[in-house]
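Input: a single structure, listed below in structure tokens.
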Amino acid sequence: MIARKTCVALIALTSVNLAFAETPGSIVSGYAVEAARTTPGFGPSAKRGFGFFTKEWGVSQKMPNCTVCHGKNLKVDGKHVITGKRIDPLAPAANPERFTSSAKVEKWFKRNCKEVAGRECTAAEKADFIQFVIQGDQS
Amino acid sequence: MKKWLMAFTLVLGSTMAHADGEKLSVPANQKWKTECGSCHIAYPPQLLTAGNWQNLMAELDKHFDANAILDANDNKEILDFLQRYAGHGARYSASSLRITDTPWFTREHRKVPFDTWSDPAVKSRSNCTACHINAERGDWSESGIKMPGGKRAEESEGRPGSGSNRRSEEYDRD
């Protein structure tokens with residue numbers, strides 16, 4: 001009984017620790033490892049990420065690209081294209097809470113990719129995108 | 001004893017809510033607040049019926065014009081919360097599942113001029129905070145209303161305490 005309780009406590013502690021340890025960098029690495037399985041030698045590219053972020057997908061009329069909600073400058077607030085609600089900046093430099101939970105990141109990729117691109121995004125696209133969000137487009 | 005205390009708290013709670021014009025307040029539920037509050041503010045559960053909430057939460061992949069899909073556990077937790085505090089009766093029901101199509105909403109907003117709805121600062125009827133500036137903190141009181149262009153609620157809703165206003169408060173209550 002006691003052993004079981006300790007065990008549960010330990011697991012709880014570990015997962016809390018893991019959750020806290022997530023950073024934008026560690027989330028990029030996770031996706032990069034996944035991408036390298038199909039593309040050996042894959043390395044995340046902010047430049048490709050910028051291209052992905054600004055690409056006109058032509059799938060959804062209301063949401064043709066990512067910038068309609070997140071804006072072009074990731075360090076300032078975005079605005080939801082349908083409801084008008086303010087969206088906190090995506091750049092971790094402006095909003096330290098960004099990209100600190102892989103569950104949250106996955107949830108939004110799932111929704112937004114389906115919506116804008118009409119399909120799920122690949123691990124490579126996700127790694128590139130977050131790399132770009134961390135670095136900026138340097139232009 | 002515990003039951004009495006609860007009943008007492010409930011009565012006290014509802015009286016307070018009423019006095020403050022905060023009948024839309026609910027106990028904080030973090031999941032509801034974050035999940036429902038990312039694309040629009042987390043709308044008060046009281047504004048749709050339990051049946052409406054059930055239908056709405058069953059089609060989150062086609063949530064009006066957006067994909068708002070949740071994992072099954074979160075979906076259930078939030079639906080339970082919404083249904084627990086849901087509104088009752090036809091006034092809080094809309095076949096479109098839009099709060100803005102319920103008889104309650106339509107009536108409460110009947111004096112809002114057409115050009116206010118189409119003001120770029122409002123953009124959509126789902127944008128409550130365009131006028132209810134403290135709604136995100138649960139404050140829906142009339143004194144917390146500021147319409148775009150600086151109009152006050154009283155100017156379009158009638159003076160507080162005037163006949164029309166009292167009627168709408170009564171309407172509020174039942």
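The values are calculated or read from the model by the stated rules, or taken from the named source; none is laboratory data. What you see is a predicted model, and the numbers here were worked out from it, not measured in a lab. Note that we place each Cβ from the backbone using ideal geometry, even for glycine, and neighbour counts take in every protein chain shown. These area figures cover heavy atoms from the full protein model, side chains too; ligands, DNA and RNA do not enter into them. Shrake-Rupley method; radii C 1.70, N 1.55, O 1.52, S 1.80 Å.
Given contacts defined as C-alpha pairs under 8 Å and at least six residues apart, what's the relative contact order of region A:22-135, whole-number percent?
Computed over region A:22-135, the figure is 40 percent.
Could you tell me whether region A:22-135 comes out rounded, prolate or oblate from its Cα gyration tensor? Rule is a ≥ b ≥ c as square roots of the eigenvalues, rounded for a/c under 1.5, then prolate if a/b exceeds b/c, otherwise oblate.
It is oblate, given that a/c is not under 1.5 and a/b is not larger than b/c.
Can you sort A:Lys72, A:Lys114, A:Lys126 by solvent-accessible area, 1.4 Å probe, largest first?
Greatest to least solvent exposure: A:Lys72, A:Lys114, A:Lys126.
Could you calculate, for region A:97-139, the ratio of the Cα radius of gyration to the Kirkwood radius, expressed as Rg to Rh?
For region A:97-139, the value is 0.99.
For the modelled label position 7 Å from the Cα of A:Lys110 along Cα-to-Cβ, which residues of region B:68-111 have backbone nitrogen atoms closer than 19 Å?
B:68-80
Go ahead and run the numbers for FRET between B:Gln54 and B:Arg110, Cβ-Cβ distance against an R0 of 25 Å, rounding to 0.05.
That gives a FRET efficiency of 0.30.
Tell me, how many Å apart are the Cα centres for region B:31-55 and for region B:101-119?
20 Å
Measure off 7 Å from each Cα along the Cα-to-Cβ vector at B:Asp71 and A:Ser29, then give the distance between these two points in nanometres to one decimal.
Going by the 7 Å Cα→Cβ label model, 2.2 nm.
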